[in-house]
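Q: Supplied in structure tokens, the structure appears directly below.
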Amino acid sequence: MIEKTLEDLQFNVVLSDLRSRCLSEEGQLVLDKKEFITDIEQLKKMQDIVEDIESIYALAVPSPESFPSIAKAMQDVRIPQRSLEGQQLWDIATYLHSARIFVEFCHTPALQQDSIRPASTLFDEFPEELAELGRQLFEVLESPGHVKESHPAIRALKKEVERKRSERQSYSSEFMRTQYTIVQGEQPVFRDGRIVLPIRNDQKGAVEGFVHSTSASGATVFVEPFRLVELNNKVILAEQQILLEIAKILKGLTDTIRSHVDVMIALRDRVAQADALHARYLYARDNHCIRAKTTVDGQFKLLNARHPLLRKKAVPISLELDKDVKAVIISGPNAGGKTVTIKTLGLFALMNQFFYMVPACEGTSLPLYRSIYTDIGDDQSIEASLSTFSGHMKNISHILSVCDKDSLVILDELGSGTDPVEGSAIARAVLEFCVEHANLTLVSSHHGVLKQYAYAHPNVINASMEFDDATHAPTFNVITGIPGDSHALETAKRMRLPTSVIDAATEYIGSEQMEISTIIRHLETRRKEAEAREEALEERWAQLHEEVRENDLKRLQLRQHEMLLRRQQIGDLSRFIADKRSELENLVAELREGEITKEKTKKVKLFIKSLEIEENKHRLQAEQIAEELIAEHEELDISFSVGMDVLAGPSKREGRIVREAGKGTWVVAIGPMKFTLAERDLKPISKANRKAEKVSIAYQSSSVMPKPTLDVRGLTLQEALDELSVQIESALVHAVSGFSIIHGMGEGILAKGIHEYLSSVPQVSSYNYARPEDGGFGKTYVEL
């Protein structure tokens, strides 16, 4: 991409924001190369890596750390016999540490063991030789590059320095104590890194040595006796031995790094590429960017595109162009956003091929361009003797000479700056050339000739910037298919030009031009009315769809209720048969005591058989209704998804779908507990009425029937709580409102633990010890 295009579209400003997110100067240098991807497969690979970095961050692994600058150190290490300074060595050690963390970050294991993480392709495994080099540097150095005093060689020399200093201090203190009549003060002093003695000026002849200086008053001279000269020299020589040893250690570390310089260079190249991609992820995260679909047929689609430099002030731009569209003529009021719109479209094309992500909404799709050319702004130049118009013509001349079928051409205010008639003619000719030779051309203009050309040409469309007639101000929304009016008179009124001037201008425009403006406004009004009708129809369709769904659900509930009543009748009938069977058995027993005949016995058996036939008849009818109910449920247009609020189970308790358990079954969270239920046991909660209906039906679920009394005696507390959890789940699923627990008294561990657990379950409304005659403190009643 040429630099003028990047400047016109303010790409470099956005790039500086991206650079600030780099962890290393190597990553910034990669971005500074401004290499735009033009290959679809290469772009897909880079987008996969950026998205994979996002997925790694979701795993909460240690994040990559910043890298110090080692460019100068890597240059110096290439020079034979050159020894790096301690700070440079420390920076290299820190760089290796950060690089190791970055490599481990990119090699975070994928959730699917058999898959290859795209980010792992950025690095091979961290070289063991560099890992050992890093350990060696950290063993010897400490921040910001000093050799550790604990180093064996330095520790021994430090002890020797301290011994020499102690010997010098002893001599100085002894001199000051014994020669108190000639010294001035109580302590020796330092001058130029050496200890000297303060001697009274009138007694300086009493001490043999070197005079370093005198005090400001002249009353004191600072003398270094010959013996002290020797002791000072010994201390300085010992300190120099430490410096020599440090230089020797640094030289050895430098030589070690020099032997690994090729591996270091390769690592820096990998870090640079990885850091540039990592910065792209950070930018995408902070600016809510998405991955645009790459089109091969030239289709251009932006959904709610937000110019990154306008931030919160940006008005989202949506524009969809078919593959056959070769040019777009954007017209509309001054300061209505025409230039910002075409600059946004061009900038997003650049960002897609460099940032790999764009700040727009899902569904955005963009083609790839090998070149983008722009003519935006005023190229007037006094030095080059270029007027505004000639500056534009010079730039457009270059664009027409180089654009091709892989080019995006952006021309702002085409044909302006000269006579309107001639400017319109040149603008149309330029546009025709671009339509024939370029992939896509975006033009902003007020010329009516171009608007008419767009209507006549099948591959050129009009677009306009919306204008609010009520407020007499632009809305900055893009409308395709309709040319825009300049609204110059409205803008002049808004800027408070005198009324007489406005009236005169209206007369000068002429009736024909006013009629064209009126037609455009009528078209705009019709468009808004059509959009309003479309929105109303969509809303009405949604309401009707919801009403139909509600009616289907109500019909299903009625059938459920019918089946419930039939099952209750079957239960009553079964109990009746049981009672009669018992009664007949008693009758048979009585008959045995008297005279029993075969005829009497046969009649009894026939009576029992007729009752069983009646019971089976009612049971088969209930099962048939249940099957019809399930079929009707499957025919309803009900689709379940993760996160949907539903009424679950026979008790119709409100819950939320957590995940799909299998075909036709879902895991539903009801409070803190989770149940696996079939779709026929679930009912979506209506947005209009979220009140849960208490219609029960005895569907089969994955939970067993709860026990009326749960006996946990002899179990550990954890085993008892596990049994209790299953019991509560079964009770909730099967609409059982209460049960009892036998835990015994013993030491009270089971009772206490069970009561603490029950207090933490929201579905438990109350729990109490049993009545004395029913078990007392050894038994607990639970109500749900």
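The values are calculated or read from the model by the stated rules, or taken from the named source; none is laboratory data. Predicted model, so just to flag it, every value in this text is computed and none were measured. For neighbour counting, all protein chains shown are included, and Cβ atoms are generated from backbone atoms with ideal geometry for every residue, glycine included. Quick note on the areas: whole protein, heavy atoms, side chains included, nothing else; ligands and nucleic acids left out. Shrake-Rupley method; radii C 1.70, N 1.55, O 1.52, S 1.80 Å.
Q: Could you tell me which residue of the range 736-773 is farthest from the chain's Cα centre (by Cα), considering only residues that are assigned to a helix (DSSP H, G or I) and without any contact (Cβ under 8 Å) to a residue 24 or more places away in the chain?
A: Only one residue fits best here, namely GLU773.
Q: Further, regarding this structure: Suppose we filter the range 294-328 for residues that are part of a strand (DSSP E or B) and over 22 Å from LEU414 (Cβ atoms); how many remain?
A: Number of matching residues: 8.
Q: Continuing with the same structure: Which number in (1) surrounded by fewer than 18 Cβ atoms within 10 Å (Cβ to Cβ); (2) in contact with a His (Cβ under 7 Å, 6 or more places away or on another chain); (3) in a loop (DSSP other than H, G, I, E, B) marks the one condition that PRO64 misses?
A: (1)
Q: Can we say ASP297 is closer than 30 Å to ALA71 by Cα and under 60 Å from the mean Cα position of the chain (by Cα)?
A: no
Q: To continue, here is another question. Report those strands (runs of 3 or more DSSP E) wholly inside the range 158-247 carrying at least 1 residues which are among the hydroxyl-bearing types (Ser, Thr, Tyr).
A: Answer list for the range 158-247: 209-214, 220-225.
Let's see how each residue does on (1) open to solvent by less than 30 Å² (accessible area, probe 1.4 Å); (2) within 29 Å of HIS260 (Cα to Cα); (3) modelled with pLDDT under 90:
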position: ILE92; (1), (2), (3): yes, yes, no
position: LEU111; (1), (2), (3): no, no, yes
position: ALA119; (1), (2), (3): yes, yes, no
position: GLU149; (1), (2), (3): no, yes, yes
position: LYS159; (1), (2), (3): no, no, no
position: ARG168; (1), (2), (3): yes, no, no
position: ARG177; (1), (2), (3): no, no, yes
position: GLY185; (1), (2), (3): no, no, yes
position: LEU197; (1), (2), (3): yes, no, no
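Q: When you scan the range 313-340, how many residues do you find that are open to solvent by 50 Å² or more (accessible area, probe 1.4 Å), modelled with pLDDT of 85 or more and under 23 Å from LEU15 (Cα atoms)?
A: The qualifying residues number 2.
Q: May I ask you to say which residue of ILE754, ILE742 is buried (at least 18 other Cβ atoms within 10 Å of the Cβ) and either β-branched (Val, Ile, Thr) or within 30 Å of THR676 (Cα to Cα) (or both)? So that I can check it myself, show each step before the final result.
A: Values: ILE742 fails: buried (at least 18 other Cβ atoms within 10 Å of the Cβ).
From the options ILE754, ILE742, the qualifying one is ILE754.
Q: Next question, about the same structure. Restricting attention to the range 246-287, which residues are under 15 Å from PHE126 (Cα atoms) and among the basic types (Lys, Arg)?
A: ARG268, ARG270
One line per residue, one yes/no per condition, for (1) among the acidic types (Asp, Glu); (2) at pLDDT 85 or above; (3) in contact with a Gly (Cβ under 8 Å, 6 or more places away or on another chain):
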position: ALA427; (1), (2), (3): no, yes, yes
position: HIS437; (1), (2), (3): no, yes, no
position: THR441; (1), (2), (3): no, yes, no
position: HIS446; (1), (2), (3): no, no, no
position: GLN452; (1), (2), (3): no, no, no
position: ALA456; (1), (2), (3): no, no, no
position: MET465; (1), (2), (3): no, no, yes
position: HIS472; (1), (2), (3): no, no, no
position: LEU489; (1), (2), (3): no, no, no
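Q: Additional query: Scan (1) farther than 21 Å from GLY649 by Cβ; (2) more than 41 Å from the chain's Cα centre (by Cα) for the single condition LEU721 breaks and write down its number.
A: Going through the list (1) farther than 21 Å from GLY649 by Cβ; (2) more than 41 Å from the chain's Cα centre (by Cα), LEU721 breaks only (2).
Q: Is it the case that some residue within the range 719-726 is modelled with pLDDT of 80 or more and touching a Phe, Trp or Tyr at 6+ places or on another chain (Cβ under 6 Å)? Working first, answer last.
A: Applying the first criterion (modelled with pLDDT of 80 or more) to the range 719-726 yields 719-726.
Filter once more, keeping what is touching a Phe, Trp or Tyr at 6+ places or on another chain (Cβ under 6 Å): 721.
Yes, because at least one residue in the range 719-726 is modelled with pLDDT of 80 or more and touching a Phe, Trp or Tyr at 6+ places or on another chain (Cβ under 6 Å).
Q: Follow-up. For the range 394-425, which positions are open to solvent by 60 Å² or more (accessible area, probe 1.4 Å), at pLDDT 90 or above and not small (Gly, Ala, Ser)?
A: HIS398, ASP404, LYS405, ASP406
Q: Could you list, in sequence order, all residues of the range 762-777 that are farther than 17 Å from LEU710 by Cα and either touching a Cys at 6+ places or on another chain (Cβ under 7 Å) or surrounded by 12 or more Cβ atoms within 10 Å (Cβ to Cβ) (or both)?
A: Once the filter is applied, which keeps residues that are farther than 17 Å from LEU710 by Cα and either touching a Cys at 6+ places or on another chain (Cβ under 7 Å) or surrounded by 12 or more Cβ atoms within 10 Å (Cβ to Cβ) (or both), the range 762-777 yields only GLN763.
Q: Run down LEU302, LEU244, LEU310 and say which single residue is in contact (Cβ under 8 Å) with a residue 60 or more places away in the chain and either aliphatic (A, V, I, L, M) or open to solvent by 50 Å² or more (accessible area, probe 1.4 Å) (or both). First the steps, then the outcome.
A: Values: LEU244 fails: in contact (Cβ under 8 Å) with a residue 60 or more places away in the chain; LEU310 fails: in contact (Cβ under 8 Å) with a residue 60 or more places away in the chain.
Just a single option satisfies the conditions, and that option is LEU302.
Q: Would you mind stating whether LEU282 is open to solvent by 20 Å² or more (accessible area, probe 1.4 Å), touching a Cys at 6+ places or on another chain (Cβ under 6 Å) and modelled with pLDDT of 90 or more?
A: no
Q: Can you run down the residue pairs with Cβ atoms below 7 Å, 6 or more apart or on separate chains, where the first is in the range 278-295 and of a type in the set (S, T, N, Q) and the partner is surrounded by fewer than 18 Cβ atoms within 10 Å (Cβ to Cβ) and not in a loop (DSSP other than H, G, I, E, B)?
A: THR294/ILE40; THR295/SER365
Q: Something else about it: Listed residues ARG82, ARG21; which is assigned to a loop (DSSP other than H, G, I, E, B) and either among the β-branched types (Val, Ile, Thr) or within 30 Å of the chain's Cα centre (by Cα) (or both)?
A: Step by step, each of ARG82, ARG21 is checked, and only ARG21 is assigned to a loop (DSSP other than H, G, I, E, B) and either among the β-branched types (Val, Ile, Thr) or within 30 Å of the chain's Cα centre (by Cα) (or both).
Q: Scanning for something over 23 Å from THR676 (Cα atoms), of a type outside the set (Val, Ile, Thr), open to solvent by 40 Å² or more (accessible area, probe 1.4 Å) and not in a loop (DSSP other than H, G, I, E, B), does the range 722-735 turn up at least one residue?
A: Taking the range 722-735 first, the residues over 23 Å from THR676 (Cα atoms) are none.
Checking the range 722-735: not a single residue is over 23 Å from THR676 (Cα atoms), of a type outside the set (Val, Ile, Thr), open to solvent by 40 Å² or more (accessible area, probe 1.4 Å) and not in a loop (DSSP other than H, G, I, E, B).
A quick yes/no check of all residues on (1) at pLDDT below 95; (2) surrounded by fewer than 18 Cβ atoms within 10 Å (Cβ to Cβ); (3) within 15 Å of TYR356 (Cβ to Cβ):
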residue	(1), (2), (3)
LYS34	yes, yes, yes
ILE40	yes, yes, yes
GLN47	yes, no, yes
TYR57	yes, yes, no
ALA60	yes, yes, no
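Q: Among the residues of the range 691-708, is any modelled with pLDDT of 85 or more and open to solvent by 20 Å² or more (accessible area, probe 1.4 Å)?
A: no
Q: Exactly one of (1) open to solvent by less than 50 Å² (accessible area, probe 1.4 Å); (2) of a type in the set (S, T, N, Q); (3) at pLDDT below 80 is unmet by SER511. Its number?
A: (1)
Q: From (1) under 25 Å from the mean Cα position of the chain (by Cα); (2) under 23 Å from TYR369 (Cα atoms); (3) open to solvent by 60 Å² or more (accessible area, probe 1.4 Å), pick out the condition that doesn't hold for GLN10.
A: Looking at each condition in turn, GLN10 falls short on (1).
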